[in-house]
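A.B. asks: Take this structure first; my questions come after.
Just so it is clear, none of the values below were taken in a lab; they were calculated from the coordinates. All of these numbers come straight from a predicted model, not from anything done at the bench. Cβ: placed from backbone, ideal geometry, glycine included. Neighbour counts: every protein chain shown.
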Amino acid sequence: MKDRINRRDFIRQSAATGAALGLGANSVRGAVFNYDRANTPAEKINIGFIGVGARAHQVMGDVLSMPQFEVVGMCDAYKGRLDRALERTGGRPKVYRDHRELLAAPGIDAVYIGTPDHWHKDHAIAALEAGKDVYLEKPLTYTIPEGIEIINAVKKSGKILQVGSQNISTPLQQKAREIIASGRLGQITMIRASVNRNSPGGAWHYPIPPDASEQTVDWSMFLGSAPKRSFSLERFFRWRCFSDYSGGMATDLFVHLMTTIHYIMGAQAPEMVVAASSLYRWKDGRDVGDTINAILQYPEGFTVNLSGTFNNESGGEQGFQVLGTKGSMTIGRRLSLVSEVDGDDNGWIVDSWPSELQKGYYRDPKVIASERPNRWDPNVIAEEESWRGVGRNSTALHLENFVKAVKSRQQPVEDALAGHRAAAVPHMINLAAKLNKPVYWDRTKESLKS
Ligand SMILES: NC(=O)c1ccc[n+]([C@@H]2O[C@H](COP(=O)([O-])OP(=O)(O)OC[C@H]3O[C@@H](n4cnc5c(N)ncnc54)[C@H](O)[C@@H]3O)[C@@H](O)[C@H]2O)c1
């Protein structure tokens, strides 16, 4: 009850802040972003925000820059973020007490969901059942079975659901997919992918806003169906560190890598996963690892070697190497292609044969055609091509893909099934590490093999 009173109070205070800034419901002056009603196209998507945390503020920046959207409502469990979101939107959207109130309000076509992972399923299904199209942040799920529930809810509702692993909407990753499909890399049997960070923020030891307290944070709203615990600002603002709300590095970061790998390879899910997870350094009360290594075997005929560390960033924050018999592709800030050097080199083997036989070997036309005379010849170099992504950022492009889906009523590039599979792999990694044994995927059931 106490929480409820606080919540109502702080919503009233948030609305008052907007008004004090001269950002009333009909005002467009003072908006931080280009948000001019004069540019309004006839058919805007009225969008509500469930959760206006750090990521939602980034996404809101892009949403506000797109004339296809009108931000009309929002709810959150911390007053400071609502205040900032009102400031960012020129005070126009309505603040609702919680997602239920927002979803019951008239005139909202779609919602962005940017809440902690343990809330994703409930928020997504409630929104679909309320007839909204949904842009849901990654990872789709907090547990594997939730994925099936969301997939079914999408089907039943006939609504659109886009999952928020935005990188697959970039021309760079689309190009990577095209190159792989063309066969230029030959037979691809191995992909190495990694996430590397080395800072407190990178390890989610985020600063806590000084005004956060039981008066400004709605603890029970945050907890939802998570285990009951006493009020904790660490848990509220650093929820990724705790398995009550998140699957840690695997579900938070590897999920992006998995979305990309599945997209560029046209793959579904690995049949087997083994993994090891350790907490070596960030012993701040968290119960998730800071170092994870995993091996994923895909029935499509390749293996993924996945690694993540919060203790070194020398390899760049995120990267992929796609290794084929004819060439290798690196995906990072750039997309680079290096061809393998053709030809065989058995010189050191035949150098141990009787000399007449060695000479004869090199007179054979088949050998002449296949052997490189000297593997280390400086004139024998692999060809390299490289592309750099320019233009709009990945989130804006992913939102554009969502808009296209909403208008065409065709599911977007990362639908619920793609999101389910991308999130299932991190869940398998966590489980394999916990059980210290391989775990297996059942493709027919889209779930763990029992
Ligand atoms: N796509 C990306 O690149 C990307 C980047 C960062 C985060 N994310 C995802 O975005 C989501 C949010 O992450 P974040 O970093 O913004 O976390 P955050 O803690 O900054 O934001 C979460 C917000 O949800 C609010 N909240 C909690 N329970 C709520 C409830 N029941 N109803 C309404 N609001 C509630 C919190 O008050 C908070 O403001 C996560 O799923 C995360 O994985 C995606």
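A.B. asks: Need one number for segment 317-439: average projected area of the convex hull over its C-alpha atoms, nm².
C.D. replies: Result: a mean projected hull area of 14.9 nm².
A.B. asks: Using Cα atoms only, what is the angle between the long axis of helix 120-129 and the major principal axis of the chain, expressed in degrees (0 to 90) to the nearest 10?
C.D. replies: Helix 120-129 sits at roughly 60 degrees to that axis.
A.B. asks: Follow-up. My understanding is that a pair violates if its Cα-Cα distance is over 20 Å; which of LYS121/LYS437; LYS404/LYS445; LYS44/LYS94; LYS94/LYS404 do that in this structure?
C.D. replies: LYS121/LYS437; LYS404/LYS445; LYS94/LYS404
A.B. asks: What are the residues whose amide H is under 5 Å from the amide H of GLN318, where those residues sit 5 or more places off or on another chain and H is modelled from the backbone?
C.D. replies: For GLN318, whose amide H was placed from the backbone, the distant partners under 5 Å are ASN196.
A.B. asks: May I ask you to derive the relative contact order of segment 51-135, considering only C-alpha pairs under 8 Å and at least 6 residues apart, and to give it as an integer percent?
C.D. replies: Value for segment 51-135: 29 percent.
A.B. asks: Take every DSSP beta bridge with both residues inside the chain and express the antiparallel ones as a percent of the total, to the nearest 5.
C.D. replies: If we restrict to bridges inside the chain, about 60 percent are antiparallel.
A.B. asks: Cβ under 9 Å from LYS44's Cβ, LYS44 left aside: what net charge do those residues give with Lys, Arg +1 and Asp, Glu -1?
C.D. replies: The answer is -3.
A.B. asks: Counting other C-beta atoms within 10 Å, which of LYS132, LYS121, LYS437 has the fewest, and how do the rest follow?
C.D. replies: Ascending number of Cβ neighbours within 10 Å: LYS437, LYS121, LYS132.
A.B. asks: Also: Rounding to the nearest 20 debye, state how big the charge dipole of segment 149-271 is about its Cα centre with +1 on each Lys and Arg Cβ and -1 on each Asp and Glu Cβ.
C.D. replies: With Lys and Arg at +1 and Asp and Glu at -1, about 400 debye.
A.B. asks: Taking 0.36 nm per residue of sequence separation and subtracting the Cα-Cα distance, how much length would be gained by fully extending the chain between ASN346 and ALA226, in nm to one decimal?
C.D. replies: 37.0 nm
A.B. asks: Compute the distance in nm between two label points, each set 7 Å from the Cα along the Cα-to-Cβ direction, one at ARG55 and one at ASN311.
C.D. replies: For the pair ARG55/ASN311, the computed spacing is 2.7 nm.
A.B. asks: Okay, moving on. Output needed for the chain: three equivalent-ellipsoid semi-axes, defined as square roots of 5 times the C-alpha gyration tensor eigenvalues, in descending order, whole Å.
C.D. replies: Semi-axes from the Cα gyration tensor: 48, 24, 20 Å.
A.B. asks: Using alpha carbon centroids, what distance separates segment 43-91 and segment 289-327, in Å?
C.D. replies: Segment 43-91 and segment 289-327 have Cα centres spaced 35 Å from each other.
A.B. asks: At a threshold of 8 angstrom on Cα-Cα distance, excluding pairs fewer than six apart, so keeping six or more, what relative contact order does the chain reach in percent?
C.D. replies: For the chain, the relative contact order is 18 percent.
A.B. asks: Would you mind computing Rg(Cα) / (2.2 N^0.38 Å) for segment 194-313, counting N as its residues?
C.D. replies: Scaled against compact globular proteins, the figure is 1.24.
A.B. asks: What value, in deg cm²/dmol to 500, does the helix sum -39500 (n - 2.57) over DSSP H runs of n ≥ 4 give at 222 nm once divided by the residues of the chain?
C.D. replies: -10500 deg cm²/dmol
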